[in-house]
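The values are calculated or read from the model by the stated rules, or taken from the named source; none is laboratory data. Quick caveat, the model's predicted, so the values are computed rather than measured.
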Amino acid sequence: MVALTEAAKSMGTTDLSSCVMISTLQPCEMCLSAMRFAGIKRVIFGATQEKVAGKYFVFPNLKLGDFQVAGEPFEAIGGLFEDELLPLYENGDE
């Protein structure tokens, strides 16, 4: 959410459709929703929902695919460098 706010401030617009979100962790439901509202069509992330502590996702039944089928096309590329990033999130003790 902070990254989206700062990007909008820096660009002088809330239309972030020209941006790509990059994250160490798969964005949570709230962040994915905000990204979609901002027009972001691509996210690249490391650690996936299935391999981290449940506390990072409030609605575990709401999956990334649900955001990909709603509205405009949305590309998600995940699991990049996951083995190196999992220690950051495995236990929920960041």
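Note on the stretch 42-58: among residues that are among the basic types (Lys, Arg) and over 11 Å from the mean Cα position of the chain (by Cα), the one that is farthest from residue 78 (Cα to Cα) is 55. Just give me the residues in the stretch 1-16 being modelled with pLDDT of 95 or more and among the small types (Gly, Ala, Ser), in sequence order. Within the stretch 1-16, 7, 8, 10, 12 meet the criteria.
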